[in-house]
Amino acid sequence: MIQLPRLRFAHLPTPIEAMPRLSAVLGGPNLWIKRDDQTGLALGGNKTRKLEFLIAEAQAHGARTLLTAGAVQSNHCRQTAAAAARNGFECILVLSGNQPNEVSGNLLLDQMLGAQIIWTKRSERDHTLQKAFDHAWSAGKRPYLIPYGGSSPTGAAGYAYAVAEMMAQCGPQQEVPMPEWVIFASSSGGTHAGLVVGAKAFQYPGQIFGISIDEQEDVLQARVADLATKTAELMGVIESFSPAEILVNADYLGDGYGIMSSVEVEAISLFARHEGILLDPVYTGRCAAGLIGLIRQNTFPKNSNVLFWHTGGSPALFAEQYRNALI
Ligand SMILES: *Cc1c(COP(=O)(O)O)cnc(C)c1O
């Protein structure tokens, strides 16, 4: 396996904790949680692992500015802004949606972290991003473009190495048994692709199971398989991946991306009240709703071990569009 260039600013390894009260309340398998909400960079989250590799690549290209795009409450944009500040880059964020009247949640943090924000309509965001890149380039800012969600092969590699980290924390010599399932929120696919590459490379014996946040099953399977194949190639892992081997559940898409309904509210409330753990309205709340739904359908044998990989996002709990719906 090739050792890719990497910076070190994430707090790793993130802890794995038991969730005995939540397990008892749901009456299903033993639940564990891997705390990638605690990766340490400006309130943490899964993008931090990707950014350790992405920023090393940006430095190798002689870049001085990080440019990326996302939704108004993007956790990826907030972590990119923080990683830029931490490593001496300027940061430009292209955010799609309407500029809200009140600055809250991740958007507040983007501004505190010093990012320049460009607003665009969702339908025009690729075009606006290209224009922002060209403009920054001609202004001598040496921009480096980070794709949506940091989900290039370079970013996804962060989650391949994370499988080795998890496996070192689990097993007969450890307090945590090796989980039969790893379950997590999957959207732009980088986390998912990295995990499946890592599972192959490090011979993880269980299942890597993504809960889709905003895509139909076949779309996400194809995206993850393609990205996993490219990530494996980049890492020097001789494997290719087909869509059929990517495990996805797309039964919890609800009314679409970022639209919180009663199932997410219930999941967020159960994690908060029984384990003191904060999820988020867009990703981990939906993934947890999926996990709870699957437990209620008896998907997992009673004594099995299921690891919920917390991917972060809690700043969005304080966003104006969500906070009043949560209590
Ligand atoms: C971005 C994000 C995800 C999805 O990760 P992808 O690699 O884009 O699939 C999940 N959870 C949170 C909190 C995120 O911010």
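The values are calculated or read from the model by the stated rules, or taken from the named source; none is laboratory data. The structure presented is a predicted model; accordingly, all values stated were derived computationally and were not measured. Counting neighbours? That spans all protein chains shown, and the Cβs are built from the backbone with ideal geometry, glycine included.
Okay, here's what the table says:
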{"read-out": "Single match in Lys131, Lys141 (criterion: at negative phi and in contact (Cβ under 8 Å) with a residue 12 or more places away in the chain)", "value": "Lys141"}
{"read-out": "Lone qualifier among His61, His76 - being at pLDDT 95 or above, touching a Gly at 6+ places or on another chain (Cβ under 6 Å) and over 28 Å from Arg296 (Cα atoms)", "value": "His76"}
{"read-out": "Residues of region 58-109 classified as surrounded by fewer than 18 Cβ atoms within 10 Å (Cβ to Cβ) and not small (Gly, Ala, Ser), total", "value": "12"}
{"read-out": "Yes/no for Ala199 being more than 10 Å from the ligand (Cβ to nearest atom), not aromatic (Phe, Trp, Tyr) and not in a loop (DSSP other than H, G, I, E, B)", "value": "yes"}
{"read-out": "The listed residue being surrounded by 14 or more Cβ atoms within 10 Å (Cβ to Cβ), at pLDDT 95 or above and more than 15 Å from the ligand (Cβ to nearest atom), out of Thr229, Thr311", "value": "Thr229"}
{"read-out": "Residue within region 277-290 that is over 21 Å from the mean Cα position of the chain (by Cα) and not hydroxyl-bearing (Ser, Thr, Tyr) present", "value": "no"}
{"read-out": "Any hit, region 232-245, residues being crowded, with 17+ Cβ neighbours inside 10 Å and within 14 Å of the ligand (Cβ to nearest atom)", "value": "no"}
{"read-out": "Qualifying residues in region 192-208 (those that are within 22 Å of Gly293 (Cα to Cα) and surrounded by 24 or more Cβ atoms within 10 Å (Cβ to Cβ)) - the one nearest to the chain's Cα centre (by Cα)", "value": "His192"}
{"read-out": "Test: residue in region 14-22 that is small (Gly, Ala, Ser) and either surrounded by 24 or more Cβ atoms within 10 Å (Cβ to Cβ) or without any contact (Cβ under 8 Å) to a residue 24 or more places away in the chain (or both)", "value": "no"}
{"read-out": "Looking only at region 154-188, and only at residues there that are out of contact with any Asp or Glu (no Cβ under 7 Å at 6 or more places or on another chain), near the ligand (Cβ under 10 Å from one of its atoms) and of a type in the set (Gly, Ala, Ser), the one that is farthest from Ala232 (Cα to Cα)", "value": "Ala185"}
{"read-out": "Matching residues, region 202-217, being near the ligand (Cβ under 10 Å from one of its atoms) and either of a type in the set (Gly, Ala, Ser) or within 11 Å of Ala162 (Cα to Cα) (or both)", "value": "Gly210, Ser212"}
{"read-out": "Number of the condition not met by Asp110 [criteria: (1) at pLDDT 95 or above; (2) touching a helix residue (DSSP H, G or I) at 6+ places or on another chain (Cβ under 6 Å); (3) of a type in the set (D, E, K, R); (4) away from the ligand (no atom under 16 Å from the Cβ)]", "value": "(4)"}
{"read-out": "Any helices (runs of 4 or more DSSP H) falling wholly within region 209-327 and containing at least 3 residues that are more than 18 Å from His76 (Cβ to Cβ) and in contact with a helix residue (DSSP H, G or I) (Cβ under 8 Å, 6 or more places away or on another chain)", "value": "217-235, 262-275, 284-296"}
{"read-out": "Qualifying position, being within 14 Å of the ligand (Cβ to nearest atom) and touching a residue at least 40 places away in the same chain (Cβ under 8 Å), among Gly70, Gly62, Gly28", "value": "Gly70"}
